[in-house]
1. Label residue 214 and residue 152 with points 7 Å out from Cα along Cα→Cβ: what is the distance between them in nm?
2. Between residue 143 and residue 67, take the C-beta separation as r, use R0 = 35 Å, and let me know the FRET efficiency to the nearest 0.05.
3. Under a 10 Å cutoff between Cα atoms, tell me which one of 200, 87, 14 has the largest fluctuation in the Gaussian network model of the chain.
4. So if I take the alpha carbon set of the chain, get Rg, then get Rh from the Kirkwood formula, what is the Rg over Rh ratio?
5. May I ask you to list the aspartates and glutamates whose Cα is less than 20 Å away from that of residue 186, ignoring any residue fewer than eight positions away on the same chain?
6. Let me spell out the model: positive unit charges on the Cβ of Lys and Arg, negative unit charges on the Cβ of Asp and Glu, origin at the Cα centre of the chain. What dipole size does that give, in debye rounded to 20?
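Just so it is clear, none of the values below were taken in a lab; they were calculated from the coordinates. Just so we're clear, the structure is a prediction, and the values are computed from it rather than from any experiment. Reconstructed Cβ throughout: ideal geometry from the backbone, glycine too, with neighbour counts over all protein chains shown.
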Amino acid sequence: MKETKVKKWVGYVRISSDSQMENTSISEQVRQIEAFCVSQGWQLAAIFKDEGVSGSTIERDGYQEMLHYIQQPEHEVGGIVVTKSDRIHRQLNHLLDLIEEELEPHGMAFISVTERMDTSTPQGKIFLQMLGGFAEFERATINERTRNGRIATARKNQYAGGGIPYGYRLWNGNIELDNQQASTVKYIFQEYVEGTNPYRIAKLLNKAGIQTKTGKAWTVVQVQNILNNETYTGFNMYNGQKEKNGIRQKDVFPRIISRQLWNKARQIS
C-alpha cells in the first residue's frame, strides 16, 4: 500500500453487543491495526473505540471523538485505519460520506487492513468507485423494498404512510378523526355548496381564529385543497391517481362528509 507524506494515523475499532467473537473483538482489532502500522513504518497516534454500539448509526462516542480529532490540523493525521470497513460503517453510503466529505478534501486516506483497501492509491480509488455503485444499488433496493411493502399494506386496505390530510391524526398506526378539524372540514363544504366562494371561506375561518394543520392562516388554495380531496368521503387513492394504477381504499380515513355533499361540491366546481 502507498505511503502518504504524513505518518500519523488513527485507528478505529468497534464491536456490537452480539459480536464478541475472537476475530472481531476489540483487542484483536487493536492488535491487527498496530501490527499493520508497524509494518508500514507509520506512527499510530490514537485508537478510538466503541463497544456495544451498532455500526448503522453515526451517533457513537468513539466515532465522534475520532472525527473531532482528525479535524484538528495540528494533529497532522494521514488517515484512518480499520480492520474491516464494516467496523466503522455498516451502510455503504455512510462510509462514502466519511471518505468523500471528511477525509479526501483534507488529503486523508481510509485504510481497511483485511480488505486491502487504501483510498490514497489508484487501486483504492477504483475500489471506492465500485463502492459508490454498490451504495447506489443498495439505496435503490431499499427504496424498492419499502415501496413494495407500502403497496402491499395499502392493498390490505390499511394506512401505508404518506401525508395525513387536515381533519385526521395518526394514533398507534391507525388514522382517526381530529374532531375539531373534522368540524371545520364539514363547515368548509357546507359553506361552499351554499354559495360561499373559497376566498370568502378563508376569510371567515381566519376571522374565527381557526388555524390550518400547520398553525397558519387559511388561504384560497388551502380551502380549495380541502374541497378537492375525496378522502373526506371515506375513499382515497394510494400511490397515485386512479388512472395511473393507484390503489383505491375505503374507510382507511374515516368519513367526514357524505357522498351527496361531495357530489354537490363537484357540481359547483
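1. For residue 214 paired with residue 152, the spin-label model returns 3.5 nm.
2. Details: r = 28 Å, r/R0 = 0.80.
Given R0 = 35 Å and the Cβ-Cβ separation, E is 0.80.
3. Most flexible of the set in this elastic network: 200.
4. On the way: Rg = 28.6 Å, Rh = 23.3 Å.
On the Cα set of the chain, Rg over Rh gives 1.23.
5. 176, 178, 194, 230, 251
6. Details: 34 positive and 30 negative charges, 404 e Å.
Result for the chain is approximately 1940 debye, rounded to the nearest 20.
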